[in-house]
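**Student:** Please find one structure pasted underneath; my questions will follow.
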Amino acid sequence: MENNIIFGFTPTHPGEILKDEIEYRKLSQVKLAKQMGISYKILNDILNGRRPVTTTTAMMFEAALDVPAYSLINIQTKYNMQVASSDKSLMKRLAEIRKMSAIF
């Protein structure tokens, strides 16, 4: 995978970290979803990396689990950058933009 070359490791979705925390605390995803006021499906999608942690959900996780929202957002941003960097079409486009910018 190209992003392994650039970053040296596989990207970690913040949901993986939250899932570990929830399992460590022996919390039910159903109860946590209810406590946070979101559907079980949304929570499960986040925990399994199918949905991003947004600012709103990060703040909800902070309220429910005392995990700092800014940390979750930082992890999500790093994950997004790593995933984007593995997009060959985007990397080609960025190379073209850099080439054009060098002319100016």
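**Student:** Within the stretch 52-67, identify whether any single residue is on the phi > 0 side of the Ramachandran plot and either in contact with a helix residue (DSSP H, G or I) (Cβ under 8 Å, 6 or more places away or on another chain) or of a type outside the set (Asp, Glu) (or both), and answer yes or no.
**Tutor:** The answer is no; no qualifying residue exists.
**Student:** In addition: Which residues, counting only those in the stretch 60-78, are under 14 Å from the mean Cα position of the chain (by Cα) and within 14 Å of Gln35 (Cα to Cα)?
**Tutor:** Passing the criteria: only Phe61.
**Student:** Turning to a different aspect of this structure: For the stretch 33-65, how many residues meet the condition of being over 25 Å from Ala84 (Cβ atoms), in contact (Cβ under 8 Å) with a residue 24 or more places away in the chain and touching a Phe, Trp or Tyr at 6+ places or on another chain (Cβ under 9 Å)?
**Tutor:** 1
**Student:** Filter the stretch 71-104 down to residues that are touching a helix residue (DSSP H, G or I) at 6+ places or on another chain (Cβ under 8 Å) and of a type in the set (A, V, I, L, M) and give me whichever is surrounded by the most Cβ atoms within 10 Å (Cβ to Cβ).
**Tutor:** This residue is Leu72.
**Student:** Hey, another quick one. Here is a check on your reading of the model: is Ser86 of a type in the set (Gly, Ala, Ser), touching a residue at least 24 places away in the same chain (Cβ under 8 Å) and over 22 Å from Leu27 (Cα atoms)?
**Tutor:** Spelling it out, Ser86 is indeed of a type in the set (Gly, Ala, Ser), touching a residue at least 24 places away in the same chain (Cβ under 8 Å) and over 22 Å from Leu27 (Cα atoms).
Every read-out reported here was derived from the displayed coordinates using simple, explicitly stated rules and does not represent laboratory data. This is a predicted model, so every value here is computed, not measured. Positions of Cβ are backbone-derived with ideal geometry, glycine not excepted, and every protein chain shown enters the neighbour counts.
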